[in-house]
Amino acid sequence: MVDSNASSGSPEETQNPNPDGNEPSESDLTLDALTRKVQESLSLGKKHKFWETQPVGQFKDVGDSNLPEGPIEPPTPLSEVKQEPYNLPNLYEWVTCDMDSEETCNEVYILLTNNYVEDDDSMFRFNYSKEFLRWALRPPGYFRSWHIGVRVKSSKKLVAFITGVPARIRVRDDIVTMAEVNFLCVHKKLRSKRLAPVMIKEVTRRVHLENMWQAAYTAGVVLPTPISTCQYWHRSLNPKKLIDVGFSRLGARMTMSRTIKLYKLPESAVTPGFRKMELHDVPAVTRLLKTYLSQFAVAPDFDENDVEHWLLPKEDVVDSYLVESPETHEITDFSSFYTLPSSILGNQNYSILKAAYSYYNVATSTPLLQLMNDALIMAKQKDYDVFNALDVMQNESFLKELKFGPGDGKLHYYLYNYRIKQALKPSELGLVLL
Ligand SMILES: CCCCCCCCCCCCCC(=O)SCCNC(=O)CCNC(=O)[C@H](O)C(C)(C)COP(=O)(O)OP(=O)(O)OC[C@H]1O[C@@H](n2cnc3c(N)ncnc32)[C@H](O)[C@@H]1OP(=O)(O)O
């Protein structure tokens, strides 16, 4: 059974719905697992030799209300930013990965497919597609120099990777240009050799060279110090497969046919005017999102270019739908999800779990519950096996009712060089990282 603390929100973190009634029930494992982790990190005095040296909230400062919100360190003059890359062990060399190159993109894809985030039981591993990686890594204003690889000098084999992309993130009233750091990966054979801190320092250096001094990232592991801790919820679309591959369990007193019936959805969306987003919708969607995201403590500051990049539908990468009022033609509601399959490890019958991840949703006229149900219907229509959502934004309001079940892993959100006085509730977060 799946039980883990994978990163970046894998479905792999799940203990899926437990439908012994009509509603999935809360998993106790969740709290236990979290308590264990926090104890490991705090009470048992786990040292973070690297993170203790970084400008991030430190555990010892938690609850210290004298420390101000905002940047922890001021920017250094650009002339003082180290000009040369950090030293790597002698056998390895830095490379900048050109994601436009089919060959490089393929190498990155293979490294991640074989070595990226897994659940604790090694049943599932994220399988980001090449198209997804290109999308995730080339938003407006991206820097190729922030797509960093490590190769073995002799063979040129790619063995580690880390990336940043620029983003404007609003933290309360401040809009901060930051790096969103993601896809940190070290080949399984090179683990625990302190390569990750060097990679993080190198991406930091390259971000500094662009005169940016803050970053946002998520991880399944507890590090100093989360600004918020969220939970993944999972909505079965193909319960039989999910049970067959060990993603979820048949609930007590449930038969397979009752379970299939429980998760059945209508064939097509029910909201009048519900349709796929198109290019000409970008201005209206941007307005809708701007207004909606302004209520959260931390959220992206999207302009039209960002919306076109991040939210215009791209097959098997990102899906976006909206509601256009049949009478006024006004765009009143919006819903989106991205596609992140996982490899199913060591199963005779299945090799891929097709998962949709809730992205940004705005409901102003249609009830959010109905809008999300239509999103589930679209995902089912497109043959996804599961629909995942974090408890961020207003998601809590529909999760239980739409038969999502809580996963048993957590996703921690972090800011680098930006202090938040008090941890945020997931519902105060308006940010979804990939
Ligand atoms: C201004 C700009 C700033 C830009 C930078 C902002 C910060 C960005 C931060 C990165 C955001 C990434 C967001 C994502 O991509 S989250 C996804 C992370 N990737 C995976 O989980 C894939 C599978 N795992 C691996 O590839 C390796 O286990 C990794 C590479 C994760 C660690 O390699 P390894 O297992 O061989 O360990 P080590 O001996 O080299 O190093 C051990 C040190 O590394 C710290 N560690 C372990 N995992 C993480 C983690 N997920 N975030 C940050 N730090 C992490 C750990 O606490 C310890 O430090 P300390 O506890 O002793 O202090």
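The values are calculated or read from the model by the stated rules, or taken from the named source; none is laboratory data. Because the structure is a prediction, the values reported are computed rather than measured. Here the Cβ positions follow ideal geometry from the backbone for every residue, glycine too, while neighbour counts run over all protein chains shown. Ligands, DNA and RNA are excluded from the accessible area calculation, which covers all protein heavy atoms including side chains. Shrake-Rupley method; radii C 1.70, N 1.55, O 1.52, S 1.80 Å.
Points worth noting:
- Top-ranked residue in the stretch 118-165 [being of a type in the set (Val, Ile, Thr) and over 16 Å from the mean Cα position of the chain (by Cα); ranked as nearest to Asn90 (Cα to Cα)]: Val152
- Any hit, the stretch 85-97, residues being away from the ligand (no atom under 12 Å from the Cβ), surrounded by fewer than 11 Cβ atoms within 10 Å (Cβ to Cβ) and among the charged types (D, E, K, R): no
- The set of residues in the stretch 368-402 that are in contact with a helix residue (DSSP H, G or I) (Cβ under 7 Å, 6 or more places away or on another chain), closer than 23 Å to Pro239 by Cα and part of a loop (DSSP other than H, G, I, E, B) comprises Asp385, Asp391, Glu401, Leu402.
- Test: residue in the stretch 374-384 that is within 17 Å of the chain's Cα centre (by Cα) and more than 16 Å from the ligand (Cβ to nearest atom): no
- The stretch 200-219 residues that are more than 13 Å from Phe143 (Cβ to Cβ) and near the ligand (Cβ under 9 Å from one of its atoms), paired with ones that are open to solvent by 30 Å² or more (accessible area, probe 1.4 Å) and assigned to a loop (DSSP other than H, G, I, E, B) (beta carbon under 6 Å, 6 or more apart): Lys201/Tyr86; Trp213/Pro75
- Tabulated pairs, the stretch 371-395, first over 13 Å from Pro266 (Cβ atoms), second modelled with pLDDT of 95 or more and β-branched (Val, Ile, Thr), C-beta under 8 angstrom, 6+ apart or interchain: Leu371/Thr271; Leu371/Val323; Tyr384/Thr339; Leu390/Val432; Val392/Val432
- Hits in the stretch 343-367 (condition: of a type outside the set (Gly, Ala, Ser) and in a loop (DSSP other than H, G, I, E, B)): Leu345, Asn347, Gln348, Asn349, Tyr350, Lys354, Thr364, Thr366, Pro367
- Taking first residues from the stretch 167-179 that are under 25 Å from Arg138 (Cβ atoms) and partners that are near the ligand (Cβ under 10 Å from one of its atoms) and charged (D, E, K, R), the Cβ contacts under 6 Å between residues at least 6 apart in sequence or on separate chains come to Ala167/Glu180.
- Cβ separations smaller than 8 Å between residues 6+ apart or across chains give the following pairs from the stretch 107-118 residues that are touching a residue at least 60 places away in the same chain (Cβ under 8 Å) and near the ligand (Cβ under 9 Å from one of its atoms) to residues that are among the charged types (D, E, K, R) and assigned to a helix (DSSP H, G or I): Asn115/Lys188; Val117/Glu12; Glu118/Glu12.
- Of all residues in the stretch 390-434, those satisfying the criterion of being open to solvent by less than 50 Å² (accessible area, probe 1.4 Å) and among the hydroxyl-bearing types (Ser, Thr, Tyr) are Tyr413, Tyr414, Tyr416, Tyr418.
- For the stretch 48-72, a residue qualifies if it is aliphatic (A, V, I, L, M) and more than 15 Å from the ligand (Cβ to nearest atom), and the qualifying residues are Val62, Leu67.
- Residue within the stretch 73-81 that is within 16 Å of the ligand (Cβ to nearest atom), without any contact (Cβ under 8 Å) to a residue 12 or more places away in the chain and open to solvent by less than 80 Å² (accessible area, probe 1.4 Å) present: yes
- Residue in the stretch 181-192 that is in contact (Cβ under 8 Å) with a residue 24 or more places away in the chain, surrounded by fewer than 19 Cβ atoms within 10 Å (Cβ to Cβ), within 11 Å of the ligand (Cβ to nearest atom) and under 30 Å from Pro68 (Cβ atoms) present: no
- In this structure, Thr30 does not qualify as under 29 Å from Val432 (Cβ atoms), outside any loop (DSSP other than H, G, I, E, B), modelled with pLDDT of 50 or more and open to solvent by less than 30 Å² (accessible area, probe 1.4 Å).
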